[in-house]
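Enquirer: Here it is, the structure, as C-alpha coordinates.
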Amino acid sequence: MSAEKADARDAELILKLYELRREAVMRESRDAIFVKFHPKSFEDVAAVLKRDHPLNTAYRMVSSYWEMAAGFVKHGALNAELFAENCGEGLFLYAKLLPHLERLRKDYAPTASLNMEWVVTHSAEAKRRLEGVQQRLKGM
(Lines give C-alpha, C1' and ligand atoms only; values in the text may rest on other atoms or scores of the structure.)
Protein backbone atom coordinates (compact mmCIF):
# COMPACT_ATOMS: atom_id res chain seq x y z
CA MET A 1 0.00 0.00 0.00
CA SER A 2 1.18 3.54 -0.60
CA ALA A 3 2.73 5.59 2.14
CA GLU A 4 0.69 6.51 5.17
CA LYS A 5 0.86 10.13 4.12
CA ALA A 6 0.16 11.32 0.58
CA ASP A 7 3.07 12.88 -1.27
CA ALA A 8 3.55 14.97 -4.41
CA ARG A 9 3.30 11.90 -6.67
CA ASP A 10 -0.10 11.07 -5.17
CA ALA A 11 -1.23 14.63 -5.81
CA GLU A 12 0.00 14.47 -9.42
CA LEU A 13 -1.91 11.25 -10.02
CA ILE A 14 -5.10 12.67 -8.47
CA LEU A 15 -4.80 15.70 -10.75
CA LYS A 16 -4.26 13.45 -13.78
CA LEU A 17 -7.34 11.40 -12.87
CA TYR A 18 -9.31 14.63 -12.57
CA GLU A 19 -8.03 15.78 -15.94
CA LEU A 20 -9.15 12.51 -17.55
CA ARG A 21 -12.64 12.99 -16.09
CA ARG A 22 -12.90 16.28 -18.00
CA GLU A 23 -12.45 14.66 -21.42
CA ALA A 24 -15.64 15.25 -23.47
CA VAL A 25 -16.78 11.65 -23.98
CA MET A 26 -15.98 10.78 -20.37
CA ARG A 27 -17.90 13.83 -19.16
CA GLU A 28 -20.95 12.77 -21.20
CA SER A 29 -20.66 9.21 -19.91
CA ARG A 30 -20.36 10.35 -16.31
CA ASP A 31 -23.41 12.55 -16.71
CA ALA A 32 -25.42 9.72 -18.25
CA ILE A 33 -24.55 7.24 -15.51
CA PHE A 34 -25.07 9.56 -12.59
CA VAL A 35 -28.27 11.12 -13.92
CA LYS A 36 -29.96 8.18 -15.65
CA PHE A 37 -28.65 5.00 -14.00
CA HIS A 38 -30.58 4.27 -10.82
CA PRO A 39 -30.92 0.49 -10.55
CA LYS A 40 -33.82 -0.59 -8.40
CA SER A 41 -33.35 -4.29 -9.16
CA PHE A 42 -30.73 -6.67 -10.49
CA GLU A 43 -32.64 -6.66 -13.77
CA ASP A 44 -31.88 -2.93 -14.11
CA VAL A 45 -28.17 -3.70 -13.72
CA ALA A 46 -28.32 -6.64 -16.12
CA ALA A 47 -30.10 -4.50 -18.70
CA VAL A 48 -27.31 -1.89 -18.81
CA LEU A 49 -24.79 -4.67 -19.44
CA LYS A 50 -26.40 -5.49 -22.78
CA ARG A 51 -24.59 -3.95 -25.73
CA ASP A 52 -27.78 -2.49 -27.19
CA HIS A 53 -28.74 -0.65 -23.98
CA PRO A 54 -28.45 3.15 -24.41
CA LEU A 55 -26.30 3.42 -21.26
CA ASN A 56 -24.02 0.44 -21.97
CA THR A 57 -21.10 2.40 -23.39
CA ALA A 58 -21.31 5.01 -20.67
CA TYR A 59 -21.53 2.34 -17.97
CA ARG A 60 -18.49 0.52 -19.31
CA MET A 61 -16.48 3.73 -19.57
CA VAL A 62 -17.33 5.02 -16.11
CA SER A 63 -17.16 1.71 -14.26
CA SER A 64 -13.82 0.76 -15.83
CA TYR A 65 -12.42 4.24 -15.10
CA TRP A 66 -13.22 3.99 -11.39
CA GLU A 67 -11.99 0.41 -11.19
CA MET A 68 -8.72 1.46 -12.82
CA ALA A 69 -8.34 4.35 -10.38
CA ALA A 70 -9.15 2.13 -7.39
CA GLY A 71 -6.61 -0.36 -8.72
CA PHE A 72 -3.93 2.32 -8.38
CA VAL A 73 -4.76 2.39 -4.68
CA LYS A 74 -4.93 -1.38 -4.31
CA HIS A 75 -1.48 -1.77 -5.83
CA GLY A 76 0.14 1.03 -3.85
CA ALA A 77 0.49 3.66 -6.57
CA LEU A 78 -1.92 6.09 -4.90
CA ASN A 79 -2.60 6.96 -1.28
CA ALA A 80 -5.90 5.41 -0.17
CA GLU A 81 -7.10 8.27 2.01
CA LEU A 82 -6.35 10.92 -0.62
CA PHE A 83 -8.18 8.82 -3.19
CA ALA A 84 -11.15 8.38 -0.85
CA GLU A 85 -11.41 12.14 -0.49
CA ASN A 86 -11.55 12.52 -4.29
CA CYS A 87 -13.55 9.56 -5.57
CA GLY A 88 -17.12 10.51 -4.69
CA GLU A 89 -18.45 9.49 -8.09
CA GLY A 90 -16.72 6.13 -7.83
CA LEU A 91 -18.29 5.58 -4.45
CA PHE A 92 -21.71 6.58 -5.82
CA LEU A 93 -21.44 4.03 -8.61
CA TYR A 94 -20.21 1.37 -6.17
CA ALA A 95 -23.11 2.15 -3.82
CA LYS A 96 -25.59 1.84 -6.69
CA LEU A 97 -24.17 -1.57 -7.58
CA LEU A 98 -23.58 -2.85 -4.05
CA PRO A 99 -27.08 -4.34 -3.45
CA HIS A 100 -26.69 -6.30 -6.70
CA LEU A 101 -22.96 -7.00 -6.61
CA GLU A 102 -23.08 -10.61 -5.46
CA ARG A 103 -25.39 -11.61 -8.30
CA LEU A 104 -23.57 -9.40 -10.80
CA ARG A 105 -20.35 -11.23 -10.00
CA LYS A 106 -22.05 -14.62 -10.12
CA ASP A 107 -23.97 -14.11 -13.36
CA TYR A 108 -21.83 -11.70 -15.40
CA ALA A 109 -18.51 -10.45 -14.14
CA PRO A 110 -16.64 -12.12 -11.27
CA THR A 111 -14.29 -9.15 -10.96
CA ALA A 112 -16.95 -6.40 -10.97
CA SER A 113 -16.02 -3.59 -8.55
CA LEU A 114 -13.34 -5.66 -6.79
CA ASN A 115 -10.89 -2.76 -6.68
CA MET A 116 -13.41 -0.29 -5.29
CA GLU A 117 -14.48 -2.90 -2.75
CA TRP A 118 -10.84 -3.28 -1.75
CA VAL A 119 -10.51 0.47 -1.26
CA VAL A 120 -13.64 0.60 0.92
CA THR A 121 -12.45 -2.31 3.07
CA HIS A 122 -8.93 -0.90 3.47
CA SER A 123 -9.63 2.81 3.93
CA ALA A 124 -11.50 4.18 6.91
CA GLU A 125 -12.21 7.38 4.97
CA ALA A 126 -13.63 5.49 1.98
CA LYS A 127 -15.84 3.41 4.27
CA ARG A 128 -17.08 6.53 6.05
CA ARG A 129 -17.81 8.30 2.79
CA LEU A 130 -19.55 5.23 1.35
CA GLU A 131 -21.90 5.23 4.32
CA GLY A 132 -22.74 8.86 3.60
CA VAL A 133 -23.32 8.11 -0.07
CA GLN A 134 -25.62 5.23 0.82
CA GLN A 135 -27.66 7.56 3.03
CA ARG A 136 -27.90 10.10 0.22
CA LEU A 137 -29.04 7.44 -2.23
CA LYS A 138 -31.76 6.32 0.18
CA GLY A 139 -33.04 9.89 0.21
CA MET A 140 -33.15 10.18 -3.57
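Enquirer: What is the number of the single condition among (1) over 17 Å from Thr121 (Cα atoms); (2) touching a residue at least 12 places away in the same chain (Cβ under 8 Å); (3) over 14 Å from the mean Cα position of the chain (by Cα) that Leu82 does not meet?
Expert: Failed condition: (1).
Enquirer: Criterion first (without any contact (Cβ under 8 Å) to a residue 60 or more places away in the chain, part of a helix (DSSP H, G or I) and either surrounded by 19 or more Cβ atoms within 10 Å (Cβ to Cβ) or out of contact with any Pro (no Cβ under 8 Å at 6 or more places or on another chain) (or both)) does Lys40 satisfy it?
Expert: Taking the combined requirement at face value, the residue does not satisfy it.
Enquirer: Can I ask one more? Please verify whether Leu15 is on the phi < 0 side of the Ramachandran plot, open to solvent by 40 Å² or more (accessible area, probe 1.4 Å) and among the aliphatic types (A, V, I, L, M), treating the condition exactly as stated.
Expert: Answer is yes for this residue.
Enquirer: Here are some conditions: (1) open to solvent by less than 70 Å² (accessible area, probe 1.4 Å); (2) over 25 Å from Ala11 (Cβ atoms); (3) among the aliphatic types (A, V, I, L, M). Met116 meets all but one. Which one does it not meet?
Expert: Failing condition for Met116: (2).
Enquirer: Do you know which residues across segment 18-31 are of a type outside the set (S, T, N, Q), under 14 Å from Trp66 (Cα atoms) and either open to solvent by less than 90 Å² (accessible area, probe 1.4 Å) or within 14 Å of the chain's Cα centre (by Cα) (or both)?
Expert: Hits for segment 18-31 are Tyr18, Leu20, Arg21, Met26, Arg30.
Enquirer: Name the pairs: first residue in segment 47-70 and free of Cβ contacts under 8 Å to residues at least 40 places away in the same chain and open to solvent by less than 70 Å² (accessible area, probe 1.4 Å), second residue basic (Lys, Arg) and not in a helix (DSSP H, G or I), Cβ to Cβ under 9 Å, at least 6 apart or on different chains?
Expert: Asn56/Lys50
Enquirer: Among the residues of segment 98-113, count how many are open to solvent by 20 Å² or more (accessible area, probe 1.4 Å), over 17 Å from Lys127 (Cα atoms) and out of contact with any Pro (no Cβ under 8 Å at 6 or more places or on another chain).
Expert: Residues in segment 98-113 being open to solvent by 20 Å² or more (accessible area, probe 1.4 Å), over 17 Å from Lys127 (Cα atoms) and out of contact with any Pro (no Cβ under 8 Å at 6 or more places or on another chain): 9 in total.
Enquirer: Among the helices (runs of 4 or more DSSP H) lying completely within segment 51-140, list those that include at least 1 residues that are farther than 21 Å from Ile33 by Cα.
Expert: Answer list for segment 51-140: 56-74, 80-85, 101-107, 114-122, 124-139.
The values are calculated or read from the model by the stated rules, or taken from the named source; none is laboratory data. A quick note: this is a predicted structure, and the numbers were derived from the prediction, not measured. Note: ideal-geometry Cβ built from the backbone for every residue, glycine included; neighbour counts use all protein chains shown. Heads up: the accessible areas ignore ligands, DNA and RNA and are worked out on the full protein's heavy atoms, side chains in. Shrake-Rupley method; radii C 1.70, N 1.55, O 1.52, S 1.80 Å.
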